[in-house]
Amino acid sequence: MAKLLVVGGAGYVGGTASAWLTDQGHDVWILDDLSTGHREFTRLARGFTHARAGDRTVVRELLARERFDGVMHFAAKSLVEESVRNPAAYLENNVAQTEALIEEMLKAGVRRLVFSSTCAVYGEVGSGKIKENHPKMPINPYGESKLQAEQLIERMARERGLQAIVFRYFNAAGAEARLRVGERHENETHLIPRVLGALQRGEKVQVFGGDYPTKDGTCVRDYIHVWDLAAAHSLAMSQLLSFHDTRGSFKDYNLGTGVGHTVLEVVTACARALGKEAQISMEPRRAGDPSELVADTTRMERDFGFRTRQSLEDIAVSALNWEKKGAGLLKRAVFLDRDGTLNDDPGYLSDPKLMNLFPHVGEALQLLQSEGFELVVVSNQSGVARGLIEEKTLPLIHERLDELLGEAGSHIDHYELCLHHPNMNCYCRKPKPKLLFLAAQKRGLDISRSFMIGDKTSDIEAGRAAGCRGVALVRTGYGVESEAQLKSGDVDFVGDSLIDVAHWILKQSL
């Protein structure tokens, strides 16, 4: 693992990248002037320095003291309209500050840089996907400042041995998977939080420009989930860390999905996430807005094997959950393994009539539900892919489970299943945490206030990786064998039965 400095790590994308890198085990430090960032996001890192990116005295002392392996640079002014009004401020902040930072890096022997740029460097490109070699003709000072920063970095790579990867973002959106970081701007200009805010207030959604040469007259953009962005940055830094040549290098990549959505399509996705109808107020175009910006992602896929995993719907739901968390509206949950935790584990339960609950399961779940916890089963069901059980049988098994639980006055609120074969290396099979993330998005759950219970080490690892407040092992099913495999600190509580674990959870929640 590496020691990394995240410049601008108190901001939206930088904060998300800091969360991702920390989860991967890297030693993360943040430098940010907090002009648009948030101090609470800096808690994700081991160290925080309050300064501008190009404060030579502060940066020089920090780099000499901590000896970083690489730098990720996110700090920038990024509002198109503001850049039109005050172009000099954008050149000073986005170009001069970057130059000072890189010069101090090189003096300190820090040569690895991942830099955040923007698709605004391309300007008005018309229709079609944009390749990295497309002419760079920005139509606003923001795009021009980022292009100059890219050119500076390329020159530093050629002349002074800097090893750099530049990412041209398309539209970053959504919230970090564990809802530690999301969009929070003093004057919100980004489309998705602005649309969600208007819909929740019962206001009309302002759409700027309805006469563009697109399928519905509104601008087309490529929206990429901020968690996908963070994953890409981690891959880039890993590549730089493995590169031991003393020569400089410069590589540039588009970071998008390769799929364009109109503004009206985004409004519809947000309205669907909220379960509301949207009313539109069509406004004049804004200065400096191109009609269409969609990434060609071929180079990123070729060099890194990278493809985005989050859809527009995922983005809208995660952004909504972030807003709900800010308003204290997210629910808490208990995530439960099924076989071995709730009922006997026969390997694969193919006959619902054979389901046998462990003692006190219904009582335990009724107690948790009465205290406001949602009950969510997250279960690997690879028997479907192996041909050992039919997928159509699973709803019948769940019906039987709820029938048995109903006798104690409880029920399962949601089932989230992985049906893949273990050899498929999917991202949802426990011990990976995606099942918990998916359930949290769908149900509006705050994972940081939720708990995971299971009888296997994979259950414990999934709960830890997802960021649950607590993880507990029950000594049913494979629990005794699993307990013997765990090291000190791997699990927060071990109980003989589910009722023991339920009482422990309620004590933690007081």
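The values are calculated or read from the model by the stated rules, or taken from the named source; none is laboratory data. Since the structure is predicted, the reported quantities are computational estimates derived from the model, not experimental observations. Neighbour counts are summed over all protein chains in view; Cβ atoms, including those assigned to glycine, are modelled from backbone coordinates with ideal geometry. With ligands, DNA and RNA removed, areas are computed over all heavy atoms of the protein, side chains included. Shrake-Rupley method; radii C 1.70, N 1.55, O 1.52, S 1.80 Å.
Would you be able to say whether some residue in the range 486-500 is assigned to a helix (DSSP H, G or I), open to solvent by 30 Å² or more (accessible area, probe 1.4 Å) and modelled with pLDDT of 95 or more?
Here is the first cut: in the range 486-500, the residues assigned to a helix (DSSP H, G or I) are 498-500.
From the residues that got through so far, the ones that are open to solvent by 30 Å² or more (accessible area, probe 1.4 Å) too are 500.
Cutting the leftovers down to modelled with pLDDT of 95 or more gives us 500.
Looking for residues that are assigned to a helix (DSSP H, G or I), open to solvent by 30 Å² or more (accessible area, probe 1.4 Å) and modelled with pLDDT of 95 or more, one finds at least one in the range 486-500, hence yes.
Considering only residues that are open to solvent by 30 Å² or more (accessible area, probe 1.4 Å) and more than 24 Å from residue 315 (Cβ to Cβ), look in the range 420-444 and name the one that is nearest to the chain's Cα centre (by Cα).
Here the residue is 431.
Restricting to the range 1-28, what's the tally of residues that are assigned to a helix (DSSP H, G or I) and over 15 Å from residue 228 (Cα atoms)?
First pass over the range 1-28, keeping only residues assigned to a helix (DSSP H, G or I): 12-23.
Next, from what is left, pick out any that are over 15 Å from residue 228 (Cα atoms): 22.
Selection size over the range 1-28: 1.
Kindly establish whether residue 226 is open to solvent by 50 Å² or more (accessible area, probe 1.4 Å), of a type outside the set (D, E, K, R) and out of contact with any Pro (no Cβ under 6 Å at 6 or more places or on another chain). Lay out the reasoning, then the answer.
Values: open to solvent by 50 Å² or more (accessible area, probe 1.4 Å): no; of a type outside the set (D, E, K, R): yes; out of contact with any Pro (no Cβ under 6 Å at 6 or more places or on another chain): yes.
No; evaluated as a whole, the condition is false for this residue.
In the list 272, 309, which residue meets the criterion of being in a loop (DSSP other than H, G, I, E, B), of a type in the set (Lys, Arg) and at negative phi? Full working, then the answer.
Numbers: 272 fails: in a loop (DSSP other than H, G, I, E, B).
Just a single option satisfies the conditions, and that option is 309.
Can you tell me which residues in the range 246-269 are within 30 Å of residue 164 (Cα to Cα), of a type outside the set (Ser, Thr, Tyr) and part of a strand (DSSP E or B)?
Taking the range 246-269 as the starting set, the residues that turn out to be within 30 Å of residue 164 (Cα to Cα) are 246-260.
Next, only the ones that are of a type outside the set (Ser, Thr, Tyr) stay: 247-248, 250-252, 254-256, 258-260.
Result: 250, 251, 252, 254, 255.
On the basis of being of a type in the set (Gly, Ala, Ser) and assigned to a loop (DSSP other than H, G, I, E, B), does residue 408 make the cut? Let's see the steps before the verdict.
Numbers: of a type in the set (Gly, Ala, Ser): yes; assigned to a loop (DSSP other than H, G, I, E, B): yes.
Yes: the conditions hold for residue 408.
Would it be correct to say that residue 43 is under 25 Å from the mean Cα position of the chain (by Cα), part of a helix (DSSP H, G or I) and surrounded by fewer than 24 Cβ atoms within 10 Å (Cβ to Cβ)? Walk me through how you get there before you give the answer.
Details: under 25 Å from the mean Cα position of the chain (by Cα): yes; part of a helix (DSSP H, G or I): yes; surrounded by fewer than 24 Cβ atoms within 10 Å (Cβ to Cβ): yes.
Considered against the rule, which asks whether it is under 25 Å from the mean Cα position of the chain (by Cα), part of a helix (DSSP H, G or I) and surrounded by fewer than 24 Cβ atoms within 10 Å (Cβ to Cβ), residue 43 comes out as yes.
Among the residues of the range 17-48, what is the count of those that are among the basic types (Lys, Arg) and farther than 12 Å from residue 180 by Cβ?
In the first step, residues of the range 17-48 are kept if they are among the basic types (Lys, Arg); the result is 39, 43, 46.
Applying the additional criterion that residues be farther than 12 Å from residue 180 by Cβ yields 39, 46.
Matching residues across the range 17-48 total 2.
Would you mind telling me which numbered condition in (1) in contact (Cβ under 8 Å) with a residue 60 or more places away in the chain; (2) under 22 Å from the mean Cα position of the chain (by Cα); (3) surrounded by fewer than 22 Cβ atoms within 10 Å (Cβ to Cβ) residue 319 fails?
That leaves (3) as the condition not met.
Among the candidates 221, 299, single out the residue that is open to solvent by 60 Å² or more (accessible area, probe 1.4 Å) and of a type in the set (Lys, Arg).
On the way: 221 fails: open to solvent by 60 Å² or more (accessible area, probe 1.4 Å).
Every option except 299 fails the conditions.
Can you tell me which of 287, 273, 269 is farther than 30 Å from residue 478 by Cα, in contact with a Leu (Cβ under 6 Å, 6 or more places away or on another chain) and open to solvent by 30 Å² or more (accessible area, probe 1.4 Å)?
Values: 287 fails: in contact with a Leu (Cβ under 6 Å, 6 or more places away or on another chain); 269 fails: open to solvent by 30 Å² or more (accessible area, probe 1.4 Å).
Exactly one of 287, 273, 269 is farther than 30 Å from residue 478 by Cα, in contact with a Leu (Cβ under 6 Å, 6 or more places away or on another chain) and open to solvent by 30 Å² or more (accessible area, probe 1.4 Å), namely 273.
Is it true that some residue in the range 70-77 is at pLDDT below 95, closer than 25 Å to residue 124 by Cβ and assigned to a helix (DSSP H, G or I)?
Checked the range 70-77: no residue is at pLDDT below 95, closer than 25 Å to residue 124 by Cβ and assigned to a helix (DSSP H, G or I).
Looking at (1) under 16 Å from residue 193 (Cα atoms); (2) touching a Phe, Trp or Tyr at 6+ places or on another chain (Cβ under 9 Å), find the lone condition where residue 259 falls short.
(1)
Go through the residues of the range 436-451 one by one and say whether even a single one is among the β-branched types (Val, Ile, Thr) and at pLDDT 95 or above.
Here is the first cut: in the range 436-451, the ones among the β-branched types (Val, Ile, Thr) are 447.
Imposing the further condition that a residue be at pLDDT 95 or above reduces the set to none.
For the range 436-451, residues among the β-branched types (Val, Ile, Thr) and at pLDDT 95 or above: absent.
Kindly provide the set of residues from the range 447-481 that are farther than 19 Å from residue 357 by Cα and open to solvent by 10 Å² or more (accessible area, probe 1.4 Å), ordered by number.
448, 449, 457, 458, 461, 464, 465, 467, 468, 469, 481
Restricting the range 360-380 to residues that are in contact with a Lys or Arg (Cβ under 9 Å, 6 or more places away or on another chain) and among the polar types (S, T, N, Q), which is least open to solvent (accessible area, probe 1.4 Å)?
Taking the candidates together, the pick is 379.
Which members of the range 342-359 meet the condition of being in a loop (DSSP other than H, G, I, E, B) and open to solvent by 20 Å² or more (accessible area, probe 1.4 Å)? Before you say what the answer is, go through the steps one by one.
Let us first name the residues in the range 342-359 that are in a loop (DSSP other than H, G, I, E, B), namely 342, 344-351, 355-356, 358-359.
Scanning the range 342-359 gives 344, 345, 346, 347, 348, 350, 351, 356, 358, 359.
From (1) of a type in the set (Lys, Arg); (2) over 16 Å from residue 379 (Cβ atoms); (3) in contact with a His (Cβ under 8 Å, 6 or more places away or on another chain), pick out the condition that doesn't hold for residue 449.
(3)
Taking the condition of being within 25 Å of residue 310 (Cβ to Cβ) and open to solvent by 10 Å² or more (accessible area, probe 1.4 Å), how many residues in the range 229-251 meet it?
Residues flagged as within 25 Å of residue 310 (Cβ to Cβ) and open to solvent by 10 Å² or more (accessible area, probe 1.4 Å) within the range 229-251 amount to 6.
Could you please tell me which pairs satisfy a Cβ distance under 6 Å, a separation of 6+ or placement on different chains, a first residue in the range 48-64 that is aromatic (Phe, Trp, Tyr), and a second residue that is part of a helix (DSSP H, G or I)?
48/42
Tally time: how many residues in the range 131-152 are of a type in the set (A, V, I, L, M) and surrounded by fewer than 21 Cβ atoms within 10 Å (Cβ to Cβ)?
Quick first cut of the range 131-152, residues of a type in the set (A, V, I, L, M) only: 137, 139, 147, 149, 152.
From what's left, surrounded by fewer than 21 Cβ atoms within 10 Å (Cβ to Cβ): 137, 139, 152.
Matching residues across the range 131-152 total 3.
Which of (1) open to solvent by 10 Å² or more (accessible area, probe 1.4 Å); (2) modelled with pLDDT of 95 or more; (3) under 28 Å from residue 242 (Cβ atoms); (4) among the hydroxyl-bearing types (Ser, Thr, Tyr) does residue 22 not meet, given it meets every other one?
With respect to (1) open to solvent by 10 Å² or more (accessible area, probe 1.4 Å); (2) modelled with pLDDT of 95 or more; (3) under 28 Å from residue 242 (Cβ atoms); (4) among the hydroxyl-bearing types (Ser, Thr, Tyr), residue 22 is out only on (2).
So which of 184, 155, 178 ends up being open to solvent by 20 Å² or more (accessible area, probe 1.4 Å) and in a helix (DSSP H, G or I)?
Values: 184 fails: in a helix (DSSP H, G or I); 178 fails: in a helix (DSSP H, G or I).
Step by step, each of 184, 155, 178 is checked, and only 155 is open to solvent by 20 Å² or more (accessible area, probe 1.4 Å) and in a helix (DSSP H, G or I).
Is the range 278-293 home to any residue that is of a type in the set (S, T, N, Q), more than 30 Å from residue 443 (Cβ to Cβ) and not in a strand (DSSP E or B)? Show your work before the answer.
Taking the range 278-293 as the starting set, the residues that turn out to be of a type in the set (S, T, N, Q) are 279, 281, 291.
Those left that are additionally more than 30 Å from residue 443 (Cβ to Cβ): 281, 291.
Of the ones still in play, those that are also not in a strand (DSSP E or B) are 291.
Within the range 278-293, one or more residues are of a type in the set (S, T, N, Q), more than 30 Å from residue 443 (Cβ to Cβ) and not in a strand (DSSP E or B).
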